[in-house]
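Written below as structure tokens is the structure these notes are about.
The values are calculated or read from the model by the stated rules, or taken from the named source; none is laboratory data. Quantities reported herein were computed from a predicted structural model and do not represent experimental measurements. Every residue, glycine as well, gets a Cβ built from its backbone with ideal geometry; the counts of neighbours run over all protein chains shown.
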Amino acid sequence: MINKHIFTLLFLCYAPIALLAQSEEIKNNTIFTSHTITEDTTSNNIKTLPLGRKTFFTSRAVGRFNRGITNYLFIPKKQWMGGMSASYANFDSKDSRMLLSLLKDFDFYGYTVKINPFIGYFFKDNQCVGAKLGYTRTMGRLGNLNLNIEDLDLSMKDMYLMEDIFSGTIFHRSYVGLDTHMRFAVFNETSLSVGHGSTRFTRGKDGEESRKDTRTTITEVQLGLNPGLSVFIMNNVSTEVSFGVLGLKYRNEKQKTNQEETGSHTSSGANFKINLFNINIGITIHI
């Protein structure tokens, strides 16, 4: 009888310790933790997966850090996606009179438009690689500008800028699913692009002897980091919005003014802020 009580006491003391050790071992040595979802062919709102498919996984501990991030399955591997993203931004001095009260006789209008068709392949759950083609047009027209601040007197007029850039991009996109229904996810896109194009800048009116006409050939390389949000609005169609927060850029320019003077310029730099001119809205089809 005493041996039976001793055995029971030892079991009650050992069981919690064993369970705790087993949970720590699983936590540190496994990547995937899954539950199964059954096929539901009667509902069009939830994408169906084969019975037993993993629907979420947790990140592996790195060194002493284990943040326990749960990543729900958003798009399974071996799927293709294709679509297009676009952005448009413009500025008109007629709409900003209150903000530009220090400027007199200010007449300016400009815009930037971007179009980027793309295609990608999911080589792993929530992991995609792909390619993009891009076209960017920037236009600015300054009719007149007068600035008077104490001893500073600045006047400019009759300026025009037009820039066209064509680019090719390879990218990697990593999704983090936010729900078990595979509808919402955030993502981060790392991209490397090479662009080539031309710019025309003029100052002065046609027919004036002092008119300057500068033509520029541009070659640039960019490394970008673009986080975003993706939402499935239909079973195989999603919409997304992304914006640039980090960019490394190298740019080479070769200029010719009035078909006579020539020159070149090289610049490079990095941006660590949200770029309001790099906000993209897109539609994606998944196959």
Could you say whether any residue in the stretch 147-158 is touching a residue at least 40 places away in the same chain (Cβ under 8 Å), surrounded by 16 or more Cβ atoms within 10 Å (Cβ to Cβ), assigned to a strand (DSSP E or B) and out of contact with any helix residue (DSSP H, G or I) (no Cβ under 7 Å at 6 or more places or on another chain)? no
Search result, residues across the stretch 172-183 that are closer than 19 Å to residue 117 by Cβ and either of a type in the set (A, V, I, L, M) or buried (at least 18 other Cβ atoms within 10 Å of the Cβ) (or both): 173
Failed item, numbered, when residue 168 is tested on (1) at pLDDT below 95; (2) within 28 Å of residue 241 (Cβ to Cβ): (1)
Candidates 138, 180, 190 - the one that is of a type outside the set (Asp, Glu) and touching a His at 6+ places or on another chain (Cβ under 7 Å): 190
Look at residue 273 and say whether it is among the basic types (Lys, Arg), under 21 Å from residue 111 (Cα atoms) and not in a strand (DSSP E or B). yes
Looking at 202, 216, 239, 266 in this structure, which one is part of a strand (DSSP E or B), β-branched (Val, Ile, Thr) and without any contact (Cβ under 8 Å) to a residue 24 or more places away in the chain? 266
Quick one: in the stretch 194-228, which of the residues that are farther than 30 Å from residue 176 by Cβ and of a type in the set (Gly, Ala, Ser) is surrounded by the most Cβ atoms within 10 Å (Cβ to Cβ)? 197
Please verify whether the stretch 196-208 includes one or more residues that are under 30 Å from residue 128 (Cα atoms), under 27 Å from the mean Cα position of the chain (by Cα) and not hydroxyl-bearing (Ser, Thr, Tyr). yes
Of (1) touching a strand residue (DSSP E or B) at 6+ places or on another chain (Cβ under 9 Å); (2) without any contact (Cβ under 8 Å) to a residue 40 or more places away in the chain, residue 207 satisfies every one except (1)
Could you go through the stretch 174-181 and let me know if any residue there is free of Cβ contacts under 8 Å to residues at least 60 places away in the same chain and at negative phi. yes
Would you mind stating whether residue 249 is more than 21 Å from residue 136 (Cα to Cα) and touching a Ser or Thr at 6+ places or on another chain (Cβ under 9 Å)? no
When residue 195 is run through (1) in contact (Cβ under 8 Å) with a residue 60 or more places away in the chain; (2) at positive phi, the failure sits at (2)
Residue list for the stretch 219-236, restricted to those being free of Cβ contacts under 8 Å to residues at least 12 places away in the same chain and touching a strand residue (DSSP E or B) at 6+ places or on another chain (Cβ under 6 Å): 233
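Here's the yes/no breakdown for (1) exposed (fewer than 14 other Cβ atoms within 10 Å of the Cβ); (2) free of Cβ contacts under 8 Å to residues at least 24 places away in the same chain; (3) within 20 Å of residue 106 (Cβ to Cβ); (4) under 16 Å from the mean Cα position of the chain (by Cα):
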site: 130; (1), (2), (3), (4): no, no, no, yes
site: 140; (1), (2), (3), (4): no, no, yes, no
site: 170; (1), (2), (3), (4): yes, no, no, yes
site: 185; (1), (2), (3), (4): no, no, no, yes
How about the stretch 50-81: which of its residues are exposed (fewer than 14 other Cβ atoms within 10 Å of the Cβ) and modelled with pLDDT of 80 or more? 77, 78, 80
Just name the residue that is farthest from residue 212 (Cα to Cα) out of those in the stretch 241-287 that are charged (D, E, K, R) and surrounded by 13 or more Cβ atoms within 10 Å (Cβ to Cβ). 249
